[in-house]
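Accompanying notes for the structure given below.
Rule-based calculations on the coordinates, nothing more; no lab input. Just so we're clear, the structure is a prediction, and the values are computed from it rather than from any experiment. FYI the Cβ positions are ideal-geometry reconstructions off the backbone, even for glycines, and counts take in every protein chain you see.
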């Protein structure tokens, strides 16, 4: 009997061990093997990119991903000596002595993601198409579309002229019932010396496309291409194509229409370090490492961008180990603790939290597309009103409260960490009293409800506005609250409105501008050229529809000023104009917070302005390394509980059976 009991005890022990091993209590051999076979960097993002088409994309997130898929001719790189132009597809380049020509020598082993060799013909096709259609004007304005020379498969020469675009009517990028066109530009083939810095710091934004993939969908599209009877035409609001003749409509850009449709499935074939694999909106986007990348091997298999709904849940995802890297809120990094396995990085964000005052007259007049919108806000077009708003904002308080002292008051639209920042801006007198004095001197009076009022174009308007911010962003909420307090102290009535992120982006879209006031971030690049381009009268990313003719002139002049000190004077003038206009008010320069799992990954390029997520900071992603022996992902607690429960039930049944026996 004693021997039988011992046997039964051993059997129970063996069963328990078996169940513990089989259940794994959180680990399985299969998961370990899978982890060893595939090493994916899991990156958290809030929401999806709006588009991965380099012609249509505009957000920082979209361009981080685009910069991993597509390779430009030249990239940026941060060194001990500052920002430099580094090889992209071009291994080397040299300028003509007079600065009117540059020759690029391409990497001879560069290929497209489908294995097709990359040649100078691809570069020529991309640059010619961009200049013909007037795309990426900030980069391509002075490239002579008539005089791009291919010397061999890996050598291409660009010549610069006063205006390299063809003399064409402009296509309308927004389909509607009444096609709108205007004369885009006139070709001027006079050779010009351009600023080398402007050009080399601008073209990293210009993705080079595979001609063999894009040309059949554009120039030689069977319906819209140059060999088609329907080459000339336009789209109606419902995307119905209306064919015409050149003489009837002067619509000479039929090839661009498919590309400008946001639903168009562009070929996501590039030559960059990562290859597009799969995108499930709202869930994830996967990139695979390019095994044939011409600038070296990627030491892991790919990147999974995991979509989260809030910054809070995404941050917890890194802490739990569900993901490896994410941007987070500075308030979390300053007040929270993340454990020994999480590295916290803080860098200057290359941009500013910015207060936007709408200048779109249709919206402010409640006319056109906004007919019947409600109260008119022409007051926001008045210089003194915008000045008073600017004066009333206590930027230092916002930096101290919303950012826990990690931010600093901003003055210029050009970041103060860049050499282009104007250190000698002439600023307004700040404070509530100064704002009130400005309004009084402009003829505004307080009514019986203590609201400023004034008659404008026959209509009595009051200074009562809505202030939109992104819902779910704790810092944006605090900013909006503080701005409301500042402006109401000066007698300006403010209603804060949290807006879901997708709708918020739509409201700020060019030619929509559906807001009174907005607090948002506004990023910029290392060279001021693009930022000036944003604010031209017809700037592609004009955030408030600002229109100042002198800014249009400065944009052109600074590109053709090889003397950098003279160019700096022009950029300084631009900053002063933007400050005085006060339609785009930089509030604070703030720090960007990123966290990653240092027990799983090593990052080497983390000191860029804006950190790993710095716009087109491709080097950080290329050089990242997974650590050896990364533990497998744990089984969810629910599964552990289930396995444990089954084990207990089995043991009870065995014991019951043994005792009965």
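For the range 342-388, the mean projected area of the C-alpha convex hull, equal to one quarter of the hull surface, is 6.3 nm². Stretching residue 580 away from residue 375 to a fully extended chain increases their span by 71.2 nm, per 0.36 nm per residue minus the current alpha-carbon distance. Per the Kirkwood formula applied to alpha carbons, the range 351-589 shows a radius of gyration over Rh ratio, Rg over Rh, of 0.95. Ordering of 288-301, 444-457, 44-57 by packing is 44-57, 288-301, 444-457, highest average first (other Cβ atoms within 10 Å, averaged per residue).
The Cα-based radius of gyration and maximum Cα-Cα distance (Dmax) for the range 455-522 are 13.3, 41 Å. Projecting the alpha carbon convex hull of the range 435-488 along each direction and taking the average yields 4.8 nm². Were the residues from residue 361 through residue 309 laid out at 0.36 nm apart, the gain over their Cα-Cα distance would be 15.3 nm. The modelled label-to-label distance between residue 149 and residue 197, using points 7 Å beyond Cα along the C-beta direction, is 2.9 nm.
Once the chain from residue 91 to residue 265 is taken as fully extended at 0.36 nm per residue, the excess over their C-alpha distance is 59.5 nm. Ranked by how many other Cβ atoms sit within 10 Å of their own Cβ, fewest first, the residues 345, 526 fall in the order 345, 526.
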